[in-house]
Amino acid sequence: MRKEKYTVGGMTCSACLAHVEKAVKKLEGVEKADVNLLANSLTVEYDENKLSSADIIAAVESGGYTAALTGARREKSQPRESPAERRKAEMKEMRNRLISSLVFLIPLFYISMGHMMGLPVPWFLHGTENSLSFAFTQFLLTLPIVLINRKFFTNGFRNLIKGSPNMDTLIALGAGAAMVYGVVAVYRIGYGLGHGDMALAEQYSMNLYFESAGTILTLITVGKLLEARAKGKTGSAIEKLLDLAPKTALVERNGVEMQISADDITAGDTVILKAGESVAVDGTVISGSGTLDQSAVTGESIGVEKTAGDKVIAASIVKRGYLKIKAEQVGEDTTLNRIIRLVEDATGSKAPIAKLADKISGIFVPVVISVAIISAAAWLICGATVEEALSTAISVLVISCPCALGLATPVAIMVGTGKGAENGILIKSAEALETAHKLDVVVLDKTGTITEGKPRVVKVNVLGGLSRQKLIAIVSGLEKHSEHPLAEAILSYGENEKITSAEITDFEAFFGKGVSGVSDGVRYFAGNAALMTENGIDVSAAGSTADELADMGATPLFVGCDGRIEGIIAVAGMELSTAEDIHLVCLFRELDDAMRFDAEIEKHLMPIKNRPEIFGEQYIMDGDDEIVGELDTLLISATDLPIDEAIALA
């Protein structure tokens, strides 16, 4: 089975969506076909042994629409199409059409309705004797509105001829009927004036429908403009994800460094990364070292130190260092592009309620046309005039254009998935979004989710002979020379405490371990327990303190000199504090005993006791433990959680 995505042009309503889906699903070999009206996309799963892309495109075009293959199978020379430009052009066209239509609609409305509101009307347009000029002037003002909005007529009648009427068909029939009747009325007025039948002329001059045709077309254009604006707003999250990827990269080929387009990188290339640059591909470090900010993808605010053999992911930013990596996943296969496809697939997927709307849309337009004809016939049978019967039919056609039937659900899905992606939450499908209210257990990443994502100093423990102020001054002086992610938190803490950093000489940095420097003739070390042990500093005295800090979810920074431990500074992400943030987390407070953790897993879960009134029953899982990898298995195998309620949210 092959899965492909197509861009479909010419769709204007939910009926179009239903016709495109029906045309594709009729093809032999098609397993699944989903059309997204808001994104103008078609996703097809089919057997490539029975069908080809050309067959699918031909089926779409046979219904009067256009189709082009997009997505993962685009050529390297073709950059990923930016929906922003397409939406911008669409909005510009709609805005121009609306403004131009209003230029003619306002005087048309004034002339046709002004006398009813007591407004002054030019003498040559007033009275039965001037009824012909009154009617013909309205016709001349309506004609440009029809020409400006001729797409409704070309699309509507084309689809009607092909046997797939849509909302444009209803608009074209309604506005067209009003125009035709208005033209007939002009001739009848002329006949009445020419034959001295002033009653006939007055009757038809009071039953013109030119302003109805102009108003119908203009108001529908307003709706189309609002629809285009909705598309522009809801697609912004994908645009932001696209912007994370660098457009160019520095690669080394045959010993020569060259700057090339990121799309031209191939698997096996050596990519060179310098401080401040963004990673274009997924790969493995082959030489060098540095600290990478992976928050754009992982949400983890603290930088990750990388050295030879470590994996790197696209969209990471090199905070410090110099690395050479071997490109492994490039182009559409990178982690970032897979995330983008996940968001695109989610916006293009259908919620159960949307599938119901699609079924209704498939028969809606023919039913509406039938009802309009029946209504007109019923009025005629009951003795009404042709004008009254026609007015009834036009009303049925015009008010029965529920474009929202095909747009409301896709807009909600795109807004939901888009805002989620913008805030680091990837939703795998529309069905998951619709049924998420049934969740009993929610697993949240701590950093940046229930914490602010910005590390801060939360505790200072003095364990040796240094004063608290001296300890902070020494560490601030050391970290001033460091590029470690925690350095900013410590320096900020020292500034807030109004403590001047100590002067440090002979500074050394130990990658992945910490820093060292000399102050007042004494060499100090600040870093992890491994650095202390390597330099003969006994950390046993700080064992219980370090364990307590780790239980709080904090990162302990050991400080020592002359073989003794002087103190520990704890750095951690702060809990959310604003009312809005707390309200957001309250949505996930119902963590109960729906899931039973076995003894091995439970050892790695630490209850949070400090704010149960806000967060309910919670646990922290140590992210450094391998046992975390068993969480996915736990979620889908827990006997107390029904499989049909285990909704997957990425």
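The values are calculated or read from the model by the stated rules, or taken from the named source; none is laboratory data. Given the structure is predicted, the values throughout are model-derived calculations rather than measurements. Virtual Cβ from ideal backbone geometry, glycine too; neighbours counted across all protein chains shown. Side chains included, ligands, DNA and RNA excluded: accessible areas come from the protein's heavy atoms. Shrake-Rupley method; radii C 1.70, N 1.55, O 1.52, S 1.80 Å.
Has the stretch 441-461 got at least one residue that is modelled with pLDDT of 85 or more, over 23 Å from Met552 (Cβ atoms), open to solvent by 30 Å² or more (accessible area, probe 1.4 Å) and not aromatic (Phe, Trp, Tyr)?
no
Cβ-Cβ below 7 Å, separation at least six or inter-chain, first residue in the stretch 129-155 and farther than 26 Å from Ala201 by Cβ and in contact (Cβ under 8 Å) with a residue 40 or more places away in the chain, second among the β-branched types (Val, Ile, Thr) and not in a helix (DSSP H, G or I): which pairs?
So the pair list comes out as Asn155/Thr12.
Answer yes or no: is there a residue in the stretch 340-347 that is open to solvent by less than 60 Å² (accessible area, probe 1.4 Å), in contact with a Gly (Cβ under 6 Å, 6 or more places away or on another chain) and either under 30 Å from Asn166 (Cβ atoms) or at pLDDT below 90 (or both).
So far as the stretch 340-347 goes, no, none of its residues is open to solvent by less than 60 Å² (accessible area, probe 1.4 Å), in contact with a Gly (Cβ under 6 Å, 6 or more places away or on another chain) and either under 30 Å from Asn166 (Cβ atoms) or at pLDDT below 90 (or both).
For residues that are part of a loop (DSSP other than H, G, I, E, B), in contact (Cβ under 8 Å) with a residue 40 or more places away in the chain and in contact with a Gly (Cβ under 8 Å, 6 or more places away or on another chain), tally how many sit in the stretch 484-527.
2
Being surrounded by fewer than 22 Cβ atoms within 10 Å (Cβ to Cβ), outside any loop (DSSP other than H, G, I, E, B), at pLDDT 75 or above and touching a Phe, Trp or Tyr at 6+ places or on another chain (Cβ under 7 Å) narrows it down to one of Glu202, Glu211, so name that one.
Unique residue meeting the criteria: Glu211.
Out of (1) assigned to a loop (DSSP other than H, G, I, E, B); (2) open to solvent by 40 Å² or more (accessible area, probe 1.4 Å), what's the single condition that is false for Ala296?
Among (1) assigned to a loop (DSSP other than H, G, I, E, B); (2) open to solvent by 40 Å² or more (accessible area, probe 1.4 Å), the lone unmet condition for Ala296 is (1).
Which of the residues belonging to the stretch 540-549 are open to solvent by less than 50 Å² (accessible area, probe 1.4 Å) and within 17 Å of Val460 (Cβ to Cβ)?
Scanning the stretch 540-549 gives Ala542, Thr545, Ala546, Leu549.
Taking the condition open to solvent by less than 40 Å² (accessible area, probe 1.4 Å), outside any helix (DSSP H, G or I), of a type in the set (Ser, Thr, Tyr) and modelled with pLDDT of 80 or more, does Thr291 pass?
yes
Just to be sure, is Ala376 at pLDDT below 80 and buried (at least 20 other Cβ atoms within 10 Å of the Cβ)?
Spelling it out, it is not the case that Ala376 is at pLDDT below 80 and buried (at least 20 other Cβ atoms within 10 Å of the Cβ).
Mind counting the residues in the stretch 139-191 that are outside any helix (DSSP H, G or I), modelled with pLDDT of 85 or more and either open to solvent by 20 Å² or more (accessible area, probe 1.4 Å) or over 27 Å from Cys16 (Cβ atoms) (or both)?
Matching residues across the stretch 139-191 total 0.
So is Ala530 touching a residue at least 40 places away in the same chain (Cβ under 8 Å) and either buried (at least 20 other Cβ atoms within 10 Å of the Cβ) or over 43 Å from the mean Cα position of the chain (by Cα) (or both) or not?
Answer is no for this residue.
Going by what's in this entry, would Ala473 be described as assigned to a helix (DSSP H, G or I), closer than 26 Å to Asp168 by Cβ and modelled with pLDDT of 70 or more?
no
Testing Met94 on (1) touching a residue at least 24 places away in the same chain (Cβ under 8 Å); (2) within 17 Å of Leu140 (Cα to Cα), one condition comes back false. Which one is that?
It is condition (2) that Met94 fails.
Would you pick out the residues in the stretch 1-44 that are within 16 Å of Leu160 (Cβ to Cβ), outside any helix (DSSP H, G or I) and open to solvent by 10 Å² or more (accessible area, probe 1.4 Å)?
Gly10, Met11, Thr12
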